[in-house]
Structures are given as C-alpha cells and as structure tokens.
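The values are calculated or read from the model by the stated rules, or taken from the named source; none is laboratory data. Just so we're clear, the structure is a prediction, and the values are computed from it rather than from any experiment. So basically every Cβ, Gly included, is an ideal-geometry build from the backbone, and we count neighbours across all protein chains shown. These area figures cover heavy atoms from the full protein model, side chains too; ligands, DNA and RNA do not enter into them. Shrake-Rupley method; radii C 1.70, N 1.55, O 1.52, S 1.80 Å.
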Amino acid sequence: MRMRTFTAGSLPEAMEEVRQLLGPEAAILSTEEMKDGRVRVTAAVDSDPDDSLSTSLGAAARTAQTFQEAFSYHRLPDDLQEHFLAAAGDVAGLSPDLALAGAFEETLRFAAMPGDSGNRGRTYILVGPPGAGKTSTTAKLCARRLLNGRKSIFITLDHESAGAREQAETYAKALKTPLRRANDPDSLLQAVTDCPADHGILIDTIGVNPFDDQECTELMELREASGAEVVLVLPAGGDSLENAEIAQAFSAIGARYLIASRIDTARRYGGLLAASVAGELSSWEPASAPPSAVA
C-alpha cells in the first residue's frame, strides 16, 4: 500500500495530482481544508494485488488518521507532514507507531553520543541561542562519559555572567572534572592544546543570536580555533518555522549535530523535527537505543 498526501489550491487540483501520481485506482482516504484555503488530500493505492483491498485501505486510512492527528498536535509544517507520510512507504499491516518510526529512520539521522561505543572525535563545542541549556547539557555529557569510564575536560567560554561561571564550577566540582576557562579564540586554542590526550573536550559557549552576523562570525572563529565538532543545543517546544530557521543558521556556522533540551517540560516536538530536517543535523542518542517515533 502506497500512501501520499497532496496539497493544492482546490480539491479538483489535488484530485488531478492524485490521478497523475498514483493512477486512477487510487482511493481517497481523507480530505482536509487548511487554514490558508488550500486543500490537503490523503490517498492510497494498493501495491500488492494479492492483498485484500478493503483490508489494506482500512489499515491505511487508520494510519493516515493517526498520523494527521499526531502531526497536527505537534505543529509539524505542512511540507514536513507530507514528507514523513510519503517516507512511511508500505503501511499495510504495520501499526502507526512502526510506520512512523520507519519514516523517521528513513528521513532523520541519528548518531551515537560522545563516550558511547563507536563514537569518534574528542572535541565538541556546544552552541545555541541564549537560554537553550548548553551548560547543563555540557555537564550531562561529561557525566555520561564518566559513567562510561572516559575522562573529560569542561571548558567554559561564558566569562560575562557570574551565575554561569558558578554553575559551571558547581557541575565540574560535582563531576570531579577539570574546568578550564577561555574568552577568545587564542585562549580557547591554548586550553584545548593543554588538555591531556586521553580526555574528551566539551566546550560550553555563551548564547548566540544566529541572525546576528557579528555574533556568528565570532562563534565561527571559536570553532576554527578549537577544531571542534559543532553541536546545536535546542529546547523542545519551540515554533517549527522558527526552529527550522535557527537550525539552518547554525548549520551555516558548522553545526552537524543536534541535542534536544527540556524534552521533559515540552509537549510538542514538531519544532525539533523541523530543525533536524532543515539544518540537516544528526540527532544524538544513546548507541543502544533505537530511534523513537514521536506520535
């Protein structure tokens, strides 16, 4: 069973797209009038002639309904909804959770976190907008490495806020992890150079406005000085379009990974999915855990 969504300015236009892509045998599972006046049609075509058509269409309709309810709840952008639904592929006989998990696995990228088996590289610089949770995330990564028997160096670049310095000092002391301070590319290079070869290096940066050219330039200079992999820390619960633009901006700076913060205090994750896709970022997760469907 192939299932797709089609968005057009009118129902006849959407039906014509259905006919052209799926053929005259396609069955319409649902139609929806969107807030901007456009129409969204979900259609399916039976790809296995040996299947019972009514059974297959019934399963596809239930899956499509579940997807649409989840996508709407999580405020997923329309184009991303269509992308995930198309990526679900053959949904006949699969539960909605498994179908959506398959779509995520095909569309999103996942990477092992620092300290997990098979993870390469030893220097990471955590970036993000102000208040994203970079300092606490840096501490959690140090703790994760410690639990895996690996040593770390905690470098903080937040030299402007006394509270931030105290927070970093508290985390480092509790974790028995050496804390280094830097305030510019030269001092950061020195701090990284002085780290023992058997230690991972986790660099906590100050919050950056990704739409400010000067701040982005300064962050790029820090990245180049440290030679670190760039990790974007982004809170869950944000607006999907805003997060997508933020992710694209940080990706231009060099971000290749995404860590979601504040998941426990958010209820809608469409912004994280939009950020991951728009910025072409790999989400960090435990190496032993499979990708989870957000439904």
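Taken as a whole, the condition of being in a strand (DSSP E or B) and open to solvent by less than 30 Å² (accessible area, probe 1.4 Å) does not apply to LEU219. Could you check, for the range 158-176, whether at least one of its residues is assigned to a loop (DSSP other than H, G, I, E, B) and more than 25 Å from PRO129 (Cα to Cα)? Yes, some residue in the range 158-176 is assigned to a loop (DSSP other than H, G, I, E, B) and more than 25 Å from PRO129 (Cα to Cα).
Of everything in the range 177-211 that's assigned to a strand (DSSP E or B) and either in contact with a Cys (Cβ under 7 Å, 6 or more places away or on another chain) or open to solvent by 20 Å² or more (accessible area, probe 1.4 Å) (or both), which residue is nearest to THR135 (Cα to Cα)? The residue in question is LEU202. When you check ALA70 against the structure, is it of a type outside the set (Phe, Trp, Tyr), part of a helix (DSSP H, G or I), modelled with pLDDT of 85 or more and touching a Leu at 6+ places or on another chain (Cβ under 9 Å), yes or no? Against the criterion (of a type outside the set (Phe, Trp, Tyr), part of a helix (DSSP H, G or I), modelled with pLDDT of 85 or more and touching a Leu at 6+ places or on another chain (Cβ under 9 Å)), ALA70 qualifies.
Residue by residue through the range 139-160, note down the ones that are open to solvent by less than 80 Å² (accessible area, probe 1.4 Å), out of contact with any helix residue (DSSP H, G or I) (no Cβ under 9 Å at 6 or more places or on another chain) and either more than 18 Å from ILE125 (Cβ to Cβ) or hydrophobic (A, V, I, L, M, F, W, C) (or both). Listed by number, the residues that qualify are LEU141, ASN148, GLY149.
Of all residue pairs spaced 6 or more apart or on separate chains, those with beta-carbon atoms under 6 Å, a first member in the range 252-272 that is closer than 25 Å to ASP78 by Cα and a second member that is aromatic (Phe, Trp, Tyr) and part of a strand (DSSP E or B) are TYR257/TRP284; ILE259/TRP284.
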